[in-house]
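The values are calculated or read from the model by the stated rules, or taken from the named source; none is laboratory data. This structure is a prediction, so every number in the text was calculated from the model and none was measured. When we count neighbours, we look across all protein chains shown, and the Cβ atoms used for this are built from the backbone with ideal geometry, even at glycine. Calculation scope for accessible area: heavy atoms of the full protein, side chains included, ligands and nucleic acids excluded. Shrake-Rupley method; radii C 1.70, N 1.55, O 1.52, S 1.80 Å.
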Amino acid sequence: CALPISNIWSFCENWELVVDAGHIALIVSAMSRFLNEKELQQHGCAALNVLSRFHKRSPLVADAGGIAAIVSAMSRFPDEQYLQEYGCEALANLWLWSDRSLLFVDAAGISVIVSAMSWFPDQKNLQKY
């Protein structure tokens, strides 16, 4: 299941096509459906991270349930370093680029970032959030 999500964020050159084709909702749906699939959750966080990097796409990710999906994955797999890194960066992007801060707070976005920082105290990529 993780391969299609991985392909979306790794190889797509035209992000508007990804957004227009409903792939954000597909990623969030897959993450919600396969909660215990660690690889899928990691690739989902990575894909949502890439899609949330720009102000035009961040609100779309947030509105599709991306914040809750990322927080859920981070909570479910707290000891997975790369998932935590992708999740923290995506949440930081969503906080910065979208005006959906209430969704961020309601989904416990701050607490999962703090948790990730405590799980990986020596990882500079996580400590910067």
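Considering only segment 33-49, how many residues are closer than 18 Å to Leu94 by Cβ and open to solvent by 70 Å² or more (accessible area, probe 1.4 Å)? I'd like the intermediate steps shown before the answer.
Of segment 33-49, the ones closer than 18 Å to Leu94 by Cβ are 41-49.
Filter again for open to solvent by 70 Å² or more (accessible area, probe 1.4 Å), leaving none.
Qualifying residue count for the region: 0.
Checking the condition modelled with pLDDT under 90 and either assigned to a helix (DSSP H, G or I) or more than 14 Å from the chain's Cα centre (by Cα) (or both), which residue from Leu3, Leu83, Leu48 passes?
Leu3
Might you let me know whether segment 96-108 holds any residue that is at pLDDT 85 or above and assigned to a helix (DSSP H, G or I)?
No: segment 96-108 contains no residue that is at pLDDT 85 or above and assigned to a helix (DSSP H, G or I).
In segment 54-73, how many are outside any helix (DSSP H, G or I) and buried (at least 17 other Cβ atoms within 10 Å of the Cβ)?
3
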